Amino acid sequence: MAAILFDGAAIARQTYARLAERIHALGQRGIQPGLAAVLLGDSPVSQIYVRNKVRACVAAGLHSEVRKLDADCSEDALLTTIDQLNRSKRIHGIIVQLPLPSHLDAKRILQSVAVEKDVDGFSWHNLGALVEGHPTLVPCTPLGVMIMLDHAGITIEGRHAVVVGRSNIVGKPMALLLIARGATVTVCNSKTQDLGKYTAMADILIAAAGKPRLVTGEMVKTGAAIIDVGINRLPEGKLVGDVDFESVESRASWISPVPGGVGPMTVAMLIANTVTAAEHHVGQSRI
Ligand code: GUN
């Protein structure tokens, strides 16, 4: 039997509808949540990501700003820009679009974003809170995945979740969120030997290794829920995930497509985190 599709776009629309009430309530107190994106260089992929984030802000009624800097800008220039945004009254959330050029110390840059404006959830403060099991501002993609699982009514507590990928943006925070909800979690990566041995044990499988079609049908358990965070462009131009959709679909109970699965949820969670940060700013603390 074919799996049911996680419809990320539809769940994102519901998320925006719920956020509208919180944005309206902030508006009544004279606050318009504001998001700033810092974009270095002219990578087409980063430009598309930032454009989608700005569009989502505008559609949700948020203020948005994009600070564009040259790819060869100095670390001081970038830190000065972030400092200005940290102080700005109009801005409640700041993202520095990744990847950064290699001459910059990404760790130092990301940690310079004020923790209460860190809507990517990359600061050590916010990551530490997640480790402790008290999530504050949580990285957007893993947060979106959790909402997709909940929306589908998939039980997390007591289940075996396997995360393929160990990035700071997705794999590690994803594992922490699943642990906080009582799953038994195995974290693999693209170099894990005999990867299929682990993925075949997953009731919930999150693929986030950045390797096209890494997970194939014989590697998954019948009835598993599969979320594909990968987005890879093949040489012929086609976009595919980390999961081989055709072979996995017939075995899984749920599967997220690429595109149209996790992507819209990542952006929706960025807007949600910005609203949360604005609420925190006016003392309606959710952080
Ligand atoms: N580049 C790819 N994904 C992300 C993300 O979630 N946040 C930022 N800032 N950059 C990214």
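The values are calculated or read from the model by the stated rules, or taken from the named source; none is laboratory data. The structure displayed is predicted, hence computed values, not measured ones. Every residue, glycine as well, gets a Cβ built from its backbone with ideal geometry; the counts of neighbours run over all protein chains shown.
Tally the residues that are small (G, A, S) and closer than 16 Å to D72 by Cβ, restricting the search to the stretch 96-117.
Going through the stretch 96-117 one residue at a time, the tally reaches 2.
Return the only residue of E249, E236 being of a type outside the set (A, V, I, L, M) and touching a residue at least 12 places away in the same chain (Cβ under 8 Å).
Only one candidate passes the filter, namely E249.
To keep it simple, each residue is scored yes or no on (1) at pLDDT below 95; (2) touching a Phe, Trp or Tyr at 6+ places or on another chain (Cβ under 9 Å); (3) closer than 29 Å to H125 by Cβ.
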| residue | (1), (2), (3) |
| --- | --- |
| A209 | no, no, yes |
| I227 | no, yes, yes |
| R233 | yes, no, no |
| L239 | yes, no, no |
| V243 | no, no, no |
| R251 | no, no, no |
| S256 | no, yes, no |
| V267 | no, yes, yes |
| R286 | yes, no, yes |
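Assuming G260 fulfils every condition listed in (1) within 16 Å of the chain's Cα centre (by Cα); (2) outside any loop (DSSP other than H, G, I, E, B) apart from one, which condition is it?
That leaves (2) as the condition not met.
Taking the conditions exactly as written (assigned to a strand (DSSP E or B), aliphatic (A, V, I, L, M), closer than 25 Å to D7 by Cβ and out of contact with any Cys (no Cβ under 7 Å at 6 or more places or on another chain)), does L205 satisfy them or not?
Numbers: assigned to a strand (DSSP E or B): yes; aliphatic (A, V, I, L, M): yes; closer than 25 Å to D7 by Cβ: yes; out of contact with any Cys (no Cβ under 7 Å at 6 or more places or on another chain): yes.
Yes; evaluated as a whole, the condition is true for this residue.
Being in contact with a Gly (Cβ under 6 Å, 6 or more places away or on another chain), outside any strand (DSSP E or B), under 30 Å from L26 (Cα atoms) and at pLDDT 95 or above is the requirement here; does I82 meet it?
Answer is no for this residue.
Conditions first: (1) part of a helix (DSSP H, G or I); (2) of a type outside the set (A, V, I, L, M, F, W, C); (3) in contact (Cβ under 8 Å) with a residue 12 or more places away in the chain. R51 passes all but one, so which condition is the exception?
With respect to (1) part of a helix (DSSP H, G or I); (2) of a type outside the set (A, V, I, L, M, F, W, C); (3) in contact (Cβ under 8 Å) with a residue 12 or more places away in the chain, R51 is out only on (3).
Anything in the stretch 1-43 that is small (G, A, S), within 19 Å of the chain's Cα centre (by Cα) and part of a loop (DSSP other than H, G, I, E, B)? List them, or say none.
Across the stretch 1-43, there are no qualifying residues.
Output yes when any residue across the stretch 18-36 is touching a Lys or Arg at 6+ places or on another chain (Cβ under 6 Å) and either in contact (Cβ under 8 Å) with a residue 60 or more places away in the chain or among the aromatic types (F, W, Y) (or both), and no when none is.
yes
Restricting attention to the stretch 12-31, which residues are more than 26 Å from L98 (Cα to Cα) and surrounded by fewer than 16 Cβ atoms within 10 Å (Cβ to Cβ)?
Of everything in the stretch 12-31, those that are more than 26 Å from L98 (Cα to Cα) and surrounded by fewer than 16 Cβ atoms within 10 Å (Cβ to Cβ) turn out to be Q14, A17, R18, A20, E21, H24, A25, G27, Q28, R29, G30.
Please report, ordered by residue number, the helices (runs of 4 or more DSSP H) entirely within the stretch 88-163 with at least 1 residues that are within 11 Å of the ligand (Cβ to nearest atom).
106-111, 140-151
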